[in-house]
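Asks: This is the structure I have questions about; it appears just below.
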Amino acid sequence: MGMTEVEKDVIRREMLKRRQSYLSQTIHDLSRIIGTRLLEMKEYKVASTISSYVSKENEVDTRWIISEALAAKKQVLVPFVDISSHSLNFSEIRDPQKELVSGTFSVLEPKVSFRRPASLEDSDLNLIPGVAWDERGFRIGYGGGYYDRCLTKLKRRVPCVGLAFDFQVLPQLPISVVDVGVDMILTDRRLIRSGSTS
């Protein structure tokens, strides 16, 4: 493990510990602020299809965002993991209550019987999770590299928005050549337009 990865791991552990210290009600309230701000963004309003991670534990809660998008007649894509190929795939969902089940890494993902394969490039807006972010748009995830590999393969420019609690955003993170930045980071306090993707 190189120095960059060691540094990332320290930050990851510290940030997860801090996030876990927040009460569930605080997470809910801050998530609702972030979700409401997202729904007011032009990038969301003009998107006919969005992709979103399905939140777990103390992540920014996306379940309400997904429900609102479906109610607005938007197409919603969510990820599922293919462990054998170490890849992230996407599927359209229409009824989260019925179609999602705990899957890889205890994350909710579409049941096999409800999978409607879709490409991330079919989306008009991608909502990206992260454990820590920096103001340039780079992120530290859980260490598997699934989202970085997925974003690297995008052939069409699709706006990517990282959702984060404001304390998760640091001025600068240690990055490596395989890290991929996002266009924007939306928190409970601000919208950072990073412009770190090309």
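Results for (1) crowded, with 19+ Cβ neighbours inside 10 Å; (2) among the hydrophobic types (A, V, I, L, M, F, W, C); (3) touching a residue at least 40 places away in the same chain (Cβ under 8 Å); (4) farther than 14 Å from V54 by Cα, shown as yes or no for each residue.
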residue	(1), (2), (3), (4)
D82	no, no, no, yes
S106	no, no, yes, no
K111	no, no, no, no
R139	yes, no, yes, yes
R149	no, no, yes, yes
T152	no, no, no, yes
R156	no, no, no, yes
F165	yes, yes, yes, yes
Q168	yes, no, yes, yes
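Asks: Exactly one condition in (1) out of contact with any strand residue (DSSP E or B) (no Cβ under 6 Å at 6 or more places or on another chain); (2) closer than 20 Å to D166 by Cα is not met by A132; state its number.
Replies: Of everything listed in (1) out of contact with any strand residue (DSSP E or B) (no Cβ under 6 Å at 6 or more places or on another chain); (2) closer than 20 Å to D166 by Cα, A132 misses just condition (1).
Asks: Something else: Quick one: is R190 of a type in the set (K, R), surrounded by fewer than 16 Cβ atoms within 10 Å (Cβ to Cβ), touching a residue at least 24 places away in the same chain (Cβ under 8 Å) and closer than 21 Å to L88 by Cβ?
Replies: No.
Listed here are the residues, each with its yes/no results for (1) in a helix (DSSP H, G or I); (2) modelled with pLDDT of 95 or more; (3) over 13 Å from the mean Cα position of the chain (by Cα); (4) of a type in the set (K, R).
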site: H28; (1), (2), (3), (4): yes, yes, yes, no
site: R32; (1), (2), (3), (4): yes, yes, yes, yes
site: R37; (1), (2), (3), (4): yes, yes, yes, yes
site: V54; (1), (2), (3), (4): no, yes, no, no
site: I65; (1), (2), (3), (4): yes, yes, no, no
site: A69; (1), (2), (3), (4): yes, yes, yes, no
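Asks: Here is a follow-up. Looking at the structure I just gave you, is N58 surrounded by 14 or more Cβ atoms within 10 Å (Cβ to Cβ), in a loop (DSSP other than H, G, I, E, B) and at pLDDT below 95?
Replies: Here the answer is yes, as N58 does meet what is asked.
Asks: Those residues that are under 18 Å from N126 (Cβ atoms), of a type in the set (V, I, T) and surrounded by fewer than 16 Cβ atoms within 10 Å (Cβ to Cβ), I need them from the range 21-54; list them, please.
Replies: Within the range 21-54, V46 is the sole residue that qualifies.
The values are calculated or read from the model by the stated rules, or taken from the named source; none is laboratory data. As the structure is a prediction and not an experimental result, all values here were calculated from the model. Virtual Cβ from ideal backbone geometry, glycine too; neighbours counted across all protein chains shown.
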